[in-house]
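K.L.:
Take this structure first; my questions come after.
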Amino acid sequence: MRANVRAMPTLILDGRSLTLEQVDAFLRGGLTVEVAPKARVAVRKARAFVETLLKRDAAVYGVNTGFGKLANVRIPDADLDTLQLNLIRSHACGVGEPLPPATVRLAMLLRVNSLVSGNSGVREDVIDAFLGLLNSDVVPFVPGKGSVGASGDLAPLAHIALTLIGEGKAYFKGKLVPAAKALANARLKPMSLKAKEGLALINGTQIIQAIGLVTICGLQRWIKVCDLAACLSLESLRGSDSPFDARVARIRPHPGHALVSRNMLTLLEGSEIRESHRDNDPRVQDAYSLRCVPQVHGAARDGFKFVREVFERELNAVTDNPLLFPAQGEVISAGNFHGQPLSNALDFLAIIMSELGAISERRIEQMVNPDLSNLPPFLVEGSGLNSGLMIAQVVAAALASENKVFSHPASVDSIPTSANKEDHVSMGVTAAHKAAAIFDNLRYIISIELLAGRLPLAHPLPLKAGRLVEDAARELRRQVKPLRQDRVLHEDFETIRGLVDAGRLDDVLARLD
C-alpha cells in the first residue's frame with residue numbers, strides 16, 4: 001500500500017506557489033501532498049521565534065493571552081497548552097449539514113500551505129499531522145455553518161483541528177466514526193497542541209476559499225458549456241451569426257465580448273443550417289437571448305476572470321493572526337483573517353452565474369414556445385397528448401428565480417461578535433454557500449437547455465449544424481433518446497449534467513476559449 005502511495009503524483013506545498021490548476025487536480029483526487037524542504041526550514045525558524053517570545057515577559061496575543069475580548073487576560077506559563085486546547089474545544093460549535101469531504105480536504109490543503117510560509121509559528125509536528133490526514137482516508141467532520149468570515153473561519157476550522165487532536169468525529173473510508181477511532185484505523189496518532197498552535201489552526205479564510213474554489217473549478221468547464229448550449233439553441237432556432245462579427249466586438253472592446261463571439265463562430269463553422277437562410281431570412285433581428293450572447297456571456301467571462309484572480313492571490317496568502325516576522329524579530333497583530341476580498345468576489349460570482357442561468361432560461365422558452373419558434377410545441381411529437389418540455393421550462397424558470405434570491409449579496413452584511421471586539425465581519429462563508437447553490441442550479445438550467453437545443457438535431461436532417469455543434473449533439477444523442485412521447489425528464493437532466501461533469505464534452509470545449 002505504501003508503494004502505491006509513493007507512486008501517486010505529488011503536490012509539493014511551499015506557501016508561495018500553489019496554483020488554481022493544482023487545486024483542480026487535487027479536487028479530482030489521486031495526489032499525495034508533501035511540504036518543500038525550504039518551507040520546513042521556514043516553519044522551524046518561526047517556531048524558534050515563538051519559543052523566544054515565550055521566554056520574554058511581554059504579552060503576545062494568542063501566545064500568552066486570552067482571545068478576542070479576553071486579549072487583556074494574561075495566561076500563566078503553566079496553562080499555555082491548556083489555553084490552546086480550550087480554544088479548539090470551545091470554538092468547535094458549528095451547525096448544519098457537514099461540508100463535503102472534498103471541500104474539507106481542500107481546506108486542510110490550503111491551511112497547510114498558509115502555515116508553511118513561516119509566519120504562524122506552529123511546529124513541524126502540526127504540519128506532519130495535517131499531511132497524515134491528507135494522505136490517508138481520514139476526513140474531519142465539519143458542520144457547514146457557524147463562520148462569519150472574520151477572525152478566521154473559526155468554528156469550521158476548529159472542527160478540523162478537533163480531528164488532529166483525536167476528538168470530535170471524522171470519516172474513515174466514508175464512514176463517520178469518532179475521530180480517535182478514525183486516526184487509529186489510519187495508524188495516525190492524535191497530537192497535543194503547544195503555545196500559539198490552536199490559534200494558528202483556526203485563524204484563516206480556508207473554509208471560504210475551499211467552498212468557493214470548488215465552485216470556481218467547476219465553473220471553468222461549465223462557463224464554456226454555456227456558450228455551447230447557446231449555440232445549440234441558435235442552430236435549433238435558425239438564428240443569425242451576424243451579432244458575433246469581430247467588428248462588433250472591436251468597437252466595444254470588452255475582452256469577454258470578443259472571446260465569446262469567437263467561440264460562437266468557432267462552434268458555427270461548417271453550419272449548413274446557418275448558410276441556408278443567410279440571404280433569405282424574414283427576421284431582421286433575433287431575440288436578445290440569442291443576439292446578446294456575446295454581451296451577457298462576455299460580461300460573465302470578464303467577471304469570472306476577476307474572481308479567479310482574487311482567489312489565486314489568496315491561495316498563497318497568510319491569513320493568521322498575530323503574524324510573526326522572525327527575521328525582524330517582530331510580531332504584528334493585524335486583520336489578514338478578514339474574508340472581505342473573497343466575500344465580495346463570491347457575491348460577484350453569484351451574480352455572474354445567476355445571469356448565465358437567466359439568459360439560458362429565456363433561450364429555452366424561445367425553443368419550447370411555438371409562438372416564438374419554427375419548432376413543434378414543447379419540442380415533442382404529438383403535442384397535446386404529450387407535454388414535452390413544457391414543465392422543463394418551468395423548472396428552469398424556478399431555478400433562475402431562486403438564483404435571483406441567492407444573488408442578494410452577503411458581503412454587505414455584518415454583525416458584531418466577540419463583545420464588539422470583532423465589530424465588522426465579511427459573511428464570506430454565507431457568500432460561498434450561496435454561490436455554490438447557484439452553481440448547482442445553473443448546471444441544471446444549462447442541462448435543460450442542452451436537452452432542448454439537442455432535440456431538433458436528434459434526427460438526421462437534410463442540413464447539418466456547425467461541426468462542433470454536431471459533435472456535441474452526437475454525444476448527447478448517445479446518452480439521451482429522442483423525445484417522441486412523454487417520459488420522466490428528471491433522468492435526462494441528471495444524465496446530461498453527469499456527462500458534462502465527467503468531461504464527455506471536453507473534446508468540443510477544448511476548441512473554445
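K.L.:
Being touching a residue at least 60 places away in the same chain (Cβ under 8 Å) and open to solvent by 60 Å² or more (accessible area, probe 1.4 Å) is true for just one of Arg47, Arg16. Which residue is that?
P.N.:
Sole residue among the options that is touching a residue at least 60 places away in the same chain (Cβ under 8 Å) and open to solvent by 60 Å² or more (accessible area, probe 1.4 Å): Arg16.
K.L.:
Restricting attention to segment 198-218, does a residue exist that is surrounded by fewer than 24 Cβ atoms within 10 Å (Cβ to Cβ) and over 29 Å from Gly339 (Cα atoms)?
P.N.:
Among the residues of segment 198-218, not one is surrounded by fewer than 24 Cβ atoms within 10 Å (Cβ to Cβ) and over 29 Å from Gly339 (Cα atoms), which makes the answer no.
K.L.:
Looking at Ile216, Ile207, Ile160 in this structure, which one is farther than 15 Å from Val104 by Cβ, β-branched (Val, Ile, Thr) and either more than 17 Å from the chain's Cα centre (by Cα) or part of a helix (DSSP H, G or I) (or both)?
P.N.:
Going through Ile216, Ile207, Ile160 in turn, just one is farther than 15 Å from Val104 by Cβ, β-branched (Val, Ile, Thr) and either more than 17 Å from the chain's Cα centre (by Cα) or part of a helix (DSSP H, G or I) (or both): Ile216.
K.L.:
For segment 379-423, what are the residues that are out of contact with any helix residue (DSSP H, G or I) (no Cβ under 7 Å at 6 or more places or on another chain), of a type in the set (S, T, N, Q), closer than 30 Å to Ser447 by Cα and in contact (Cβ under 8 Å) with a residue 60 or more places away in the chain?
P.N.:
Hit for segment 379-423 is Asn386, nothing else.
K.L.:
So Asp320 passes all but one of these: (1) within 27 Å of the chain's Cα centre (by Cα); (2) open to solvent by less than 20 Å² (accessible area, probe 1.4 Å); (3) over 30 Å from Ala46 (Cβ atoms); (4) of a type outside the set (Phe, Trp, Tyr). Which condition number does it fail?
P.N.:
Among (1) within 27 Å of the chain's Cα centre (by Cα); (2) open to solvent by less than 20 Å² (accessible area, probe 1.4 Å); (3) over 30 Å from Ala46 (Cβ atoms); (4) of a type outside the set (Phe, Trp, Tyr), Asp320 violates only (3).
K.L.:
Checking Ala249 against (1) under 30 Å from Ala150 (Cβ atoms); (2) among the small types (Gly, Ala, Ser); (3) at pLDDT 95 or above, which test does it fail?
P.N.:
(1)
K.L.:
Another question about this same structure. Starting from segment 348-365, keep only residues that are touching a residue at least 60 places away in the same chain (Cβ under 8 Å), then list their pairs with residues that are of a type in the set (Asp, Glu) and assigned to a helix (DSSP H, G or I) whose Cβ atoms are within a distance under 9 Å, requiring at least 6 positions of separation or different chains.
P.N.:
Pairs that qualify, where the first residue is touching a residue at least 60 places away in the same chain (Cβ under 8 Å) and the partner is of a type in the set (Asp, Glu) and assigned to a helix (DSSP H, G or I), are Ser360/Glu449; Glu361/Glu449; Arg363/Glu449; Ile364/Glu449.
K.L.:
Sticking with this structure for a sec: Can you tell me which residue in segment 1-31 is modelled with the highest pLDDT, limited to those that are part of a strand (DSSP E or B) and β-branched (Val, Ile, Thr)?
P.N.:
Looking at the filtered set, the residue picked out is Ile12.
Each row is one residue, and each column tells you yes or no for (1) in contact with a strand residue (DSSP E or B) (Cβ under 9 Å, 6 or more places away or on another chain); (2) open to solvent by 10 Å² or more (accessible area, probe 1.4 Å); (3) in a helix (DSSP H, G or I).
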| site | (1), (2), (3) |
| --- | --- |
| Ala78 | no, yes, yes |
| Gly96 | yes, yes, no |
| Arg111 | no, no, yes |
| Ser114 | no, no, yes |
| Asn119 | yes, yes, no |
| Val122 | no, no, no |
| Val126 | no, no, yes |
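K.L.:
With the checklist (1) of a type outside the set (Asp, Glu); (2) open to solvent by less than 50 Å² (accessible area, probe 1.4 Å); (3) farther than 29 Å from Lys169 by Cα in hand, flag the one item Asn72 doesn't pass.
P.N.:
In the conditions (1) of a type outside the set (Asp, Glu); (2) open to solvent by less than 50 Å² (accessible area, probe 1.4 Å); (3) farther than 29 Å from Lys169 by Cα, Asn72 misses (2) alone.
K.L.:
Kindly establish whether Thr495 is without any contact (Cβ under 8 Å) to a residue 40 or more places away in the chain and hydroxyl-bearing (Ser, Thr, Tyr).
P.N.:
yes
K.L.:
Quick test of your reading of the structure: Gly166 fulfils all but one of (1) surrounded by 24 or more Cβ atoms within 10 Å (Cβ to Cβ); (2) part of a loop (DSSP other than H, G, I, E, B). Name the failing condition by number.
P.N.:
Checking Gly166 against (1) surrounded by 24 or more Cβ atoms within 10 Å (Cβ to Cβ); (2) part of a loop (DSSP other than H, G, I, E, B), the one that fails is (1).
K.L.:
Related question: Given the conditions (1) open to solvent by less than 40 Å² (accessible area, probe 1.4 Å); (2) farther than 26 Å from Gly357 by Cβ; (3) of a type in the set (Asp, Glu), and given that Glu269 satisfies all but one, which numbered condition is not satisfied?
P.N.:
Every condition holds for Glu269 apart from (1).
K.L.:
Could you identify the single residue in Val104, Val139 that is modelled with pLDDT of 95 or more, in contact with a helix residue (DSSP H, G or I) (Cβ under 6 Å, 6 or more places away or on another chain) and within 29 Å of Arg313 (Cα to Cα)?
P.N.:
Matching residue, one of Val104, Val139: Val139.
K.L.:
Residues of segment 32-76 being closer than 22 Å to Ser117 by Cα and in a loop (DSSP other than H, G, I, E, B), which ones?
P.N.:
Residues satisfying the conditions are Ala36, Val60, Tyr61, Gly62, Val63.
K.L.:
Now a separate question. How about segment 225-266: which of its residues are open to solvent by 10 Å² or more (accessible area, probe 1.4 Å), in contact (Cβ under 8 Å) with a residue 60 or more places away in the chain and within 31 Å of the chain's Cα centre (by Cα)?
P.N.:
Residues satisfying the conditions are Leu259, Arg262, Thr266.
K.L.:
Take the residues of segment 34-72 that are under 25 Å from Leu154 (Cα atoms) and of a type in the set (Ser, Thr, Tyr): which is farthest from the chain's Cα centre (by Cα)?
P.N.:
If we take residues in segment 34-72 being under 25 Å from Leu154 (Cα atoms) and of a type in the set (Ser, Thr, Tyr), then Thr65 is farthest from the chain's Cα centre (by Cα).
The values are calculated or read from the model by the stated rules, or taken from the named source; none is laboratory data. Fair warning: this is a prediction, and the values are worked out from it, not measured in the lab. No Cβ is skipped: glycine too gets one built from the backbone with ideal geometry, and neighbour counts run over all protein chains shown. Quick note on the areas: whole protein, heavy atoms, side chains included, nothing else; ligands and nucleic acids left out. Shrake-Rupley method; radii C 1.70, N 1.55, O 1.52, S 1.80 Å.
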